[in-house]
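Just below is one structure, and these are the notes that go with it.
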Amino acid sequence: MSRFDYLLAKIGEAPFLDEPFRHVEIVDFFSEPDFAQLLEAPEIKTEAAADDRQLIDQLGKLSYKPIEFPGTASNIRDYLDWRDDPGCLHTNIDTCEGFGLTFRLQRPVAGGIVEELNDFFESAEFRRCLMEKFGLDEEGVFPDVGLQKYLAGYEISPHPDVRAKALTYMINVNPDPASEQQDYHTHYMRFTPGRSYVEAYWRGNPQHDRCWVPWSWCETVKRQSRNNSIVIFAPSDDTLHGVKANYDHLPAQRTQFYGNLWYNRIAKTGKPTWRDFEIRPTPDRRARTTLRQSVINHMPMKENLRRIKQTVLGR
Ligand SMILES: [Fe+2]
């Protein structure tokens, strides 16, 4: 039994939404008193910082550590270099303009609400509830959850998630009272009509993993901007989402409980990148020539001979 068992009932009762893909979204996820207590937790409501270095120092004292996370620098020095000079971007990701730092809380305050929630999200009951909701087999999955803060510049271009991920969820617990107006919320997306063949490729080739794609290949259908909201989905070929955190992180930081259920083992034999999906059209002149040739090739033979005679003999 946990004081948070009411969250299991909320997930169980929530309807599925289908735009832009199958997911569950619950606003007002935590009860009002629980959410108010959460926003006052020292791990969430941090002091305003004067500059990046002071902020990173403060987060370190609270036991936040930068983690290896897609779209981020794992190295504080690289991040500060980039903040000082946006020209020096230490990343090999070629679908993003920026990168940030993701900090995960390592040791919540003993007996505090964040610790209680971490334990709840890691519990077998919570895992079972999620798997049942999405009709997934509970065997062979393990949870990974934590409280995270994402600094300015954090960016993940649209992607559906890798096949090893069985389920993912994000809960907004932003300490900024004006967080809903900030430009750092997750985009839920679909391919533009001209790029939907990429999704078809993933669907037809389950042995290949899925990759990040450029922003321009997708369109945003909705954003998860509500504070105290959760979005849950089971990654599939159409579950495109992305994020770009464009904001001032010194007064308050984008903060989420971020959780996944991972498959222990999944076989895949390759991972085409977005460049493999680029189709370069034949240049126009060549296309015209090819078309003309193909028309001639398909003319009835008599007509073809007449044309050749006309060309060669001038009649
Ligand atoms: Fe993702």
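Summary table below
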read-out	value
PHE16, PHE134, ranked by accessible area, largest first (probe 1.4 Å)	PHE16, PHE134
Cα-centred dipole magnitude for segment 116-208, charges only on beta-carbon of K, R (+1) and D, E (-1), debye, nearest 20	540 debye
Solvent-accessible surface (1.4 angstrom probe) belonging to ASP248, in square angstrom, nearest 10	90 Å²
Residue order for TRP274, TRP217 - accessible surface, 1.4 angstrom probe, largest first	TRP274, TRP217
With all protein chains modelled, accessible area of ASP28 [1.4 Å, Å²]	90 Å²
Approximate shape of segment 6-277 as ellipsoid semi-axes (Cα gyration tensor, √5λ), whole Å, largest first	28, 25, 17
Where LYS10, LYS149, LYS61, LYS271 fall by accessible area, highest first, once all protein chains stay in place (1.4 Å)	LYS61, LYS271, LYS10, LYS149
Restraint check, LYS65/LYS244; LYS133/LYS271; LYS10/LYS222; LYS10/LYS149; LYS45/LYS165; LYS149/LYS268, Cα-Cα greater than 27 Å	LYS133/LYS271; LYS45/LYS165; LYS149/LYS268
Protein accessible area in segment 6-277, 1.4 Å probe - carbon and sulfur %	48 percent
Largest-first ellipsoid semi-axes for segment 161-214, taking √(5λ) over the Cα gyration tensor eigenvalues, angstrom	30, 16, 7
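The values are calculated or read from the model by the stated rules, or taken from the named source; none is laboratory data. What you see is a predicted model, and the numbers here were worked out from it, not measured in a lab. Every residue, glycine as well, gets a Cβ built from its backbone with ideal geometry; the counts of neighbours run over all protein chains shown. Note: accessible area is taken over every heavy atom of the protein model, side chains too, but ligands, DNA and RNA are not part of it. Shrake-Rupley method; radii C 1.70, N 1.55, O 1.52, S 1.80 Å.
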